[in-house]
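A short write-up of the structure that comes next.
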Amino acid sequence: MDSRVKILGKNNSCLSQILYELRDETIQRDRLRFRTNLERIGEILAYEISREFAYSPKTVTTPLGELEMQLPEKNPVLVSILRAGVPLHNGLLRMFDHADNGFISAFRQHTSENEFVVKVEYTAIPDVTNRDLILIDPMIATGRSIILSLKEILQAGIPDQIFVAGVVASEEGVEYVLRNMPKARIYVAAVDNELTAKSYIVPGLGDAGDLAFGPK
């Protein structure tokens with residue numbers, strides 16, 4: 001796999017249990033638990049992505065003395081693709097509590113049973129110039145929503161770094177994102193190797209938006 005892709009679930013960790021519960025067709029029927037598990041993965045993604053930030057020293061005064069510590073030089077910008085991205089966004093925001101935030105609606109509009117175009121109808125995006133941008137979407141299937149959203153975001157400025165944070169991606173989606181946005185780095189819990197004729201990830205976990213918030 002390309003070095004720009006970090007698959008956090010490749011090694012055994014507490015993430016394995018969370019991802020298992022997100023995929024399990026019985027456990028995922030509990031919407032609260034599903035949303036909570038997305039938030040927990042968001043926290044893990046935030047920790048891993050934070051390793052790529054620039055840091056500089058700052059002195060902290062404790063009750064017993066002083067210590068020089070390394071702190072991020074700037075806060076990131078978090079942008080979620082609605083609606084499935086909201087719980088994952090909340091997890092990242094819990095860790096990056098000083099981040100600026102944006103939201104974008106990118107959705108599939110089917111032209112036939114197995115064909116669709118991605119439409120964007122709403123954007124609320126802060127200036128990302130010289131910032132670390134984290135674009136959030138739980139499922140990276142074809143990658144088209146990611147690229148279309150990034151193109152919209154880049155109209156608000158050019159970031160220093162671009163991170164894509166997801167839960168499950170397809171190999172095809174990862175390749176599409178990297179091919180069309182070479183600067184991006186992708187952080188996901190898992191990469192699955194198949195897409196259905198309707199471009200759903202297999203084995204995947206189903207429709208993250210419906211599982212989190214109910215059928216559309």
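The values are calculated or read from the model by the stated rules, or taken from the named source; none is laboratory data. If you're wondering where the values come from, they're calculated on a predicted model, not measured in any experiment. Using ideal geometry, Cβ is built from the backbone for each residue, glycine included, and neighbour counts are taken over all protein chains shown. Remember, those area values only see protein heavy atoms, side chains included, never the ligands or the DNA or RNA. Shrake-Rupley method; radii C 1.70, N 1.55, O 1.52, S 1.80 Å.
Can you tell me which residue within the range 124-167, out of those that are open to solvent by 10 Å² or more (accessible area, probe 1.4 Å) and among the acidic types (Asp, Glu), is farthest from THR196 (Cα to Cα)? Here the residue is ASP127. Looking at the range 166-181, can you tell me whether even one residue there is at pLDDT 95 or above, among the basic types (Lys, Arg) and more than 18 Å from LEU15 (Cβ to Cβ)? There is at least one residue in the range 166-181 that is at pLDDT 95 or above, among the basic types (Lys, Arg) and more than 18 Å from LEU15 (Cβ to Cβ). Checking the structure you have, find out if any residue of the range 71-88 is open to solvent by 50 Å² or more (accessible area, probe 1.4 Å), in contact with a His (Cβ under 8 Å, 6 or more places away or on another chain) and at pLDDT 95 or above. So far as the range 71-88 goes, yes, one or more of its residues are open to solvent by 50 Å² or more (accessible area, probe 1.4 Å), in contact with a His (Cβ under 8 Å, 6 or more places away or on another chain) and at pLDDT 95 or above.
What pairs come up if the first residue lies in the range 86-102 and is assigned to a helix (DSSP H, G or I), the second is open to solvent by 30 Å² or more (accessible area, probe 1.4 Å) and of a type in the set (S, T, N, Q), and their beta carbons are under 6 Å apart, counting only those six or more places apart or on different chains? Taking only residues 6 or more apart or on different chains, not a single pair turns up. With the requirement that a residue be in contact with a strand residue (DSSP E or B) (Cβ under 7 Å, 6 or more places away or on another chain), on the phi < 0 side of the Ramachandran plot and buried (at least 21 other Cβ atoms within 10 Å of the Cβ), what does the range 193-216 give you? Matches in the range 193-216: ILE201, LEU205, ALA208. Name the residue that is surrounded by the most Cβ atoms within 10 Å (Cβ to Cβ), counting only residues in the range 16-33 that are within 17 Å of VAL188 (Cα to Cα) and either in contact with a Ser or Thr (Cβ under 8 Å, 6 or more places away or on another chain) or of a type in the set (A, V, I, L, M, F, W, C) (or both). For the range 16-33, the residue satisfying everything is LEU22. Pairs are defined by a Cβ separation below 7 Å, a sequence spacing of at least 6 or placement on different chains, a first member in the range 1-19 that is free of Cβ contacts under 8 Å to residues at least 12 places away in the same chain, and a second member that is surrounded by 14 or more Cβ atoms within 10 Å (Cβ to Cβ); the pairs so defined are SER16/GLY9.
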